[in-house]
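For reference, the structure discussed in these notes is given below.
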Amino acid sequence: MTSPLLAELSRPRPERPRLSVITPVFNEADAIALFLGSMFPILNQTGCDWDIHFVNDGSTDETLKVLLEGVKRSHRIKLINLARNFGKEAAMTAGLDLVDADIVVIIDVDLQDPPELILNFVAKWREGYDVVYGVRESRRDDTKLKRSTAQLFYRLFNRISRTKIPSNVGDFRLMDRRVVEAVRQLPERNRFMKGLLAWVGFSSAAVPFHRSARAAGQTKFRLHSLWNLALDGLFSFSTLPLKVWTYIGGLLAMSAVGYAVFIIGQTLLFGTDVPGYASLMVVLLTASAAQLLSLGIIGEYIARLTIETKQRPIYLIEGEYDRGRLLGNADGGAQQTSENRPEGRLNRVNN
Ligand code: UDP
Ligand code: MG
């Protein structure tokens with residue numbers, strides 16, 4: 001479906017755009033060859049000048065070695081090597097900060113995001129859309145627990161956050177250059193990318209796909225990291241959990257007044273009654289549970305504030321590698337390290 005209005009509104013798009021793929025990798029030595037094998041033929045069909053930027057997120061297996069071999073073999077493969085494991089959100093941020101292209105595609109290395117969809121993404125971009133994301137039509141290969149908790153999360157998030165994120169949309173997406181530039185302006189350390197990418201807006205289109213099982217290796221997201229990611233998302237995109245305590249406190253106070261009136265009336269009419277142990281306990285426990293819970297929620301926000309105020313960079317880069325540098329026919333063979341990196345990129349977030 002073409003959308004002539006959009007195409008007209010958006011600035012003219014280059015005939016042969018530069019496309020950069022960003023792929024965060026963490027201990028994925030087995031998956032990389034399979035990934036490259038399916039990506040090359042697809043990207044060759046896009047009609048773009050393309051390259052793949054792997055962001056090595058502090059892998060401890062053979063990933064770095066495999067990637068460096070890849071970089072040496074092909075000028076299409078580039079490597080951004082982070083100083084340690086900063087997490088997928090930080091790795092994607094590093095990629096978005098460092099690439100310079102008309103179109104950027106973020107894709108996982110495990111082939112759970114089908115590379116052939118990139119062709120549809122590019123077609124949509126040519127129609128005038130700035131963001132094209134993949135929507136998981138079926139998650140048959142995810143566990144039942146993951147599916148139901150994911151659904152619950154999306155529902156809760158969209159209810160309490162002003163920024164709405166479409167259900168079953170991952171990080172797999174295409175972005176126009178101007179969207180990437182918009183995302184670069186967001187300085188926060190708590191990087192819930194799905195939320196940030198939705199926050200910037202721009203015209204977007206969805207392309208449905210079937211999410212299959214991993215091609216190799218194992219998921220890097222255990223239940224507790226998904227839980228933390230969900231909390232990050234909720235607390236950095238909504239202040240409702242913080243505000244709701246005013247109302248809960250108000251409600252509890254009102255019921256306390258009601259109960260007090262009831263007890264006073266009872267005492268005046270029927271004399272002093274033996275105080276009920278059960279009612280006392282219930283009131284006490286409810287009130288202290290509410291207090292602890294509200295304190296906990298405040299703690300969640302304060303913890304995030306603490307992290308934000310420290311102003312530490314979101315990621316640190318050990319080096320950037322491409323074929324020219326590795327083979328020594330550019331920069332005299334020197335690899336880029338944090339010392340000779342242009343100021344402002346590495347510490348972009350410190351500005
Ligand atoms: N990943 C990463 N850093 C991490 C964890 C994961 O760069 O700390 C990468 C991982 O190598 C993969 C992508 O993020 O390319 C998605 O990870 P995974 O497939 O484990 O997540 P799932 O698909 O199970 O949600
Ligand atoms: Mg995966």
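DSSP bridge analysis restricted to the chain gives an antiparallel fraction near 35%, rounded to the nearest 5. Return the ratio Rg/(2.2 N^0.38 Å) for the stretch 115-213, where Rg is computed over Cα atoms only. Ratio of Rg to 2.2 N^0.38 Å for the stretch 115-213: 1.12. Peptides 70-79, 291-300 ranked from most to least packed, by the mean per-residue count of other Cβ atoms within 10 Å: 70-79, 291-300.
Does the stretch 196-241 classify as rounded, prolate or oblate by the C-alpha gyration tensor (a ≥ b ≥ c root eigenvalues; a/c under 1.5 gives rounded; else a/b over b/c gives prolate, otherwise oblate)? Verdict is oblate for the stretch 196-241.
For the chain, the mean residue ellipticity at 222 nm estimated from helices alone is -16000 deg cm²/dmol, where every DSSP H run of n ≥ 4 contributes -39500 (n - 2.57) and the total is divided by all residues, rounded to the nearest 500. Distance from the alpha carbon centroid of the stretch 204-256 to that of the stretch 30-93 works out to 29 angstrom. I need the shape label for the chain. Rule: rounded when a/c is under 1.5, else prolate if a/b > b/c, else oblate, with a, b, c from the alpha carbon gyration tensor. Since a/c reaches 1.5 and a/b is larger than b/c, the shape of the chain is classed as prolate. Once both labels are positioned 7 Å from their Cα atoms along Cα-to-Cβ, the gap between Arg13 and Thr309 label points is 4.6 nm. Using a simple spin-label model with pseudo-atoms 7 Å out from Cα toward Cβ, Ala206 and Ser167 lie 0.9 nm apart.
Extension gain for Ala256 to Leu327 (0.36 nm times residue separation, less C-alpha to C-alpha distance): 18.0 nm. Each peptide among 258-267, 84-93 gets the average number of other Cβ atoms lying within 10 Å of its residues, and from highest to lowest they stand as 84-93, 258-267. In terms of surrounding Cβ atoms within a 10 Å radius of their Cβ, Trp50, Trp245, Trp227 rank from fewest to most as Trp227, Trp245, Trp50. Tell me which lysines have Cα within less than 28 Å of Lys88's Cα, excluding those fewer than 8 residues away on the same chain? Once the sequence-local lysines are set aside, what remains near Lys88 is Lys65, Lys72, Lys78, Lys124, Lys144, Lys146, Lys164, Lys194, Lys220, Lys310.
Expressed in nm to one decimal, what extension gain is obtained for the pair Ala213 and Ser74 from 0.36 nm per residue of sequence separation less their Cα-Cα distance?
Once the chain is fully extended between Ala213 and Ser74, it gains 47.2 nm.
For the residues Asn27, Asn168, Asn228, a GNM of the chain with alpha-carbon springs under 10 Å puts the largest fluctuation on Asn228.
From most to least packed by mean Cβ count within 10 Å, the peptides 206-217, 276-287 give 206-217, 276-287.
Under 5 Å between amide H atoms, partner at least 5 residues away or on a different chain: which partners does Asp49 have, H built in plane at 1.01 Å? The answer is Arg18, Leu19. In this label model, Leu156 and Arg222 are separated by 2.1 nm, measuring between points 7 Å along each Cα→Cβ vector.
Counting residues in the stretch 197-299 as N, plug N into 2.2 N^0.38 Å and put the Cα Rg over that result. Rg over 2.2 N^0.38 Å, computed on Cα atoms: 1.90.
Read the figures in this text as sums done on the coordinates, not as results from a lab. Here the structure is a predicted model, which means the values were calculated and not measured. With ideal geometry, Cβ positions are generated from the backbone for all residues, glycine too; neighbour counts draw on all protein chains shown.
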